[in-house]
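A short worksheet on the structure shown next.
Every number here is computed from the coordinates shown, using simple stated rules; none is lab data. None of the values given here were measured: they were computed from a predicted structure. Every residue, glycine among them, receives a Cβ derived from its backbone with ideal geometry; neighbour counts consider all protein chains shown.
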Amino acid sequence: MKTAAELIAEAKQRVREVAPDAVRAEREAGGDFVLLDVREPAEVAMGRVPGAVVIARGVLESAVEARVPREQPVVIYCASGNRSALAADTLQQMGYADVRSMAGGIRGWADAGGEIEA
């Protein structure tokens, strides 16, 4: 048996994490990637990154294929970077080749000066 912390740590070893300021810079340079928000609806209602695709972590596996092509690069974020690591690990298992988890989540994004929309 494993704890949630152990599962998250293992996922973070298997996925690429990227800093929020690197995501902002890539986005401002016109980078072609999907920004995927895997938080719950109540969290998203408090604010999200403009233009992000929202698919709650709980329905990710059943909903992502209809909204994000496998060949599309994806940067995933959550509140703090833990669920996004788990989600990135899952997408890699589903055949998504270019997946990254944004370290620090939307909190890190806001702390780095990233825009948040209501």
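Points worth noting:
- Of the residues making up region 70-93, those that are buried (at least 21 other Cβ atoms within 10 Å of the Cβ) and of a type in the set (A, V, I, L, M, F, W, C) are V74, V75, I76, C78, A85, L86, A87, A88, L91.
- Exactly one residue out of S101, S84 is hydroxyl-bearing (S, T, Y), assigned to a helix (DSSP H, G or I) and on the phi < 0 side of the Ramachandran plot, and it is S84.
- Taking the listed residues R67, R107, the one that is of a type in the set (D, E, K, R), exposed (fewer than 15 other Cβ atoms within 10 Å of the Cβ), closer than 22 Å to E26 by Cα and in contact (Cβ under 8 Å) with a residue 24 or more places away in the chain is R107, with no other qualifying.
- Among residues of region 1-24, those that are loosely packed, with under 15 Cβ neighbours inside 10 Å and assigned to a loop (DSSP other than H, G, I, E, B), counted: 4
- Filtered residues of region 1-28 (kept if among the hydrophobic types (A, V, I, L, M, F, W, C) and either in contact with a Phe, Trp or Tyr (Cβ under 9 Å, 6 or more places away or on another chain) or farther than 16 Å from V49 by Cβ (or both)): M1, A4, A5, L7, I8, A9, A11, V15, V23
- A5 passes every criterion in (1) within 11 Å of the chain's Cα centre (by Cα); (2) without any contact (Cβ under 8 Å) to a residue 40 or more places away in the chain apart from (1).
- Selection over region 30-44 of residues that are farther than 16 Å from A110 by Cβ and part of a helix (DSSP H, G or I) gives a count of 2.
- A count restricted to region 57-81 and to residues that are among the acidic types (D, E) and assigned to a helix (DSSP H, G or I) stands at 2.
- Of the set (1) within 21 Å of A110 (Cα to Cα); (2) part of a helix (DSSP H, G or I); (3) touching a residue at least 12 places away in the same chain (Cβ under 8 Å); (4) not hydrophobic (A, V, I, L, M, F, W, C), all apply to R27 but (3).
- Within region 75-93, residues that are free of Cβ contacts under 8 Å to residues at least 40 places away in the same chain reach partners that are part of a helix (DSSP H, G or I) with beta carbons closer than 8 Å, at six or more positions or on different chains, in the pairs S80/G105; S80/R107; S80/G108; T90/L60; T90/E61; L91/L60; L91/V64.
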